[in-house]
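Here the structure comes first, spelled out in structure tokens, and everything after it is commentary.
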Amino acid sequence: SQQGEEDPQALSIQEGENATMNCSYKTSINNLQWYRQNSGRGLVHLILIRSNEREKHSGRLRVTLDTSKKSSSLLITASRAADTASYFCATDYTGANSKLTFGKGITLSVRP
Amino acid sequence: DAGITQSPRYKITETGRQVTLMCHQTWSHSYMFWYRQDLGHGLRLIYYSAAADITDKGEVPDGYVVSRSKTENFPLTLESATRSQTSVYFCASSEDRGRSPLHFGNGTRLTVT
């Protein structure tokens, strides 16, 4: 399977703290994307980082990509209770027939 | 409002019955996808479509049929439902196969008894 792997599987932090989530993948990619899923809802796109980019920011989100280590991290700064959700990385592998492949997700709990 | 709508939201059916899950998007995106989400497996691609009348298999296509006669609709049919197909099904659309963000519906929770 080409599924990316997120780490940790679950994370519990206090409101105001930073949350760092990691994703590792196996082969060359065109881009890597992070999604959030609130309970009972569909996934929502957060950020896309291309293979030639090393870092991107969007509000309180910071994503890094290290293609030499085949890994990415998602940092949420100053977390809020509303950030409680599952987070998924998805990789667009290179290749003629590639499709976006999702990891199993990280469950983030932010305690008020 | 532009968006992607799935119906029904919840469905309970019996083993052996045919079930169709509906998906409608208003963005006119070329690509549409069906995923299933199960504990321990994350999201797995069932089928996808690059345009009207063009569909292709994903990772777990067995037991499912899709069609896409119009750009905006992408129904998923379980021809003879099995208990292993109990899952949450998500439809998504995108401008490109993997190089643009996916927009997801809110899912259909299917239970096969």
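The values are calculated or read from the model by the stated rules, or taken from the named source; none is laboratory data. Predicted model only: the values in this text are computed from it and were never measured. Reconstructed Cβ throughout: ideal geometry from the backbone, glycine too, with neighbour counts over all protein chains shown. Only protein heavy atoms, including side chains, enter the accessible area calculation; ligands, DNA and RNA are left aside. Shrake-Rupley method; radii C 1.70, N 1.55, O 1.52, S 1.80 Å.
Overview of results
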read-out	value
Exclusive hit being among the hydroxyl-bearing types (Ser, Thr, Tyr) and either out of contact with any Gly (no Cβ under 8 Å at 6 or more places or on another chain) or farther than 24 Å from B:Phe33 by Cβ (or both), set A:Ser86, A:Ser98, A:Ser109	A:Ser109
Yes/no for B:Val65 being under 28 Å from A:Leu46 (Cβ atoms) and modelled with pLDDT of 95 or more	no
Of the criteria (1) surrounded by 16 or more Cβ atoms within 10 Å (Cβ to Cβ); (2) farther than 23 Å from A:Tyr93 by Cβ; (3) at pLDDT below 95, which one A:Gly40 fails	(1)
Filter result for A:Tyr35 (at pLDDT 95 or above, among the hydroxyl-bearing types (Ser, Thr, Tyr) and closer than 19 Å to B:Phe33 by Cα)	yes
Complete set of residues in the stretch A:82-112 that are among the β-branched types (Val, Ile, Thr) and surrounded by fewer than 21 Cβ atoms within 10 Å (Cβ to Cβ)	A:Thr84, A:Thr94, A:Thr107, A:Val110
Residue in the stretch A:3-24 that is facing chain B (nearest Cβ under 10 Å), open to solvent by 40 Å² or more (accessible area, probe 1.4 Å) and out of contact with any strand residue (DSSP E or B) (no Cβ under 7 Å at 6 or more places or on another chain) present	no
Residue within the stretch A:65-78 that is on the phi < 0 side of the Ramachandran plot, touching a helix residue (DSSP H, G or I) at 6+ places or on another chain (Cβ under 9 Å) and among the hydrophobic types (A, V, I, L, M, F, W, C) present	yes
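Residue-wise test of (1) closer than 21 Å to B:Phe104 by Cα; (2) β-branched (Val, Ile, Thr).
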| site | (1), (2) |
| --- | --- |
| A:Asn22 | no, no |
| A:Trp34 | yes, no |
| A:Ile47 | yes, yes |
| A:Arg62 | no, no |
| A:Ser68 | no, no |
| A:Leu75 | no, no |
| A:Thr91 | yes, yes |
| A:Gly103 | yes, no |
| A:Arg111 | no, no |
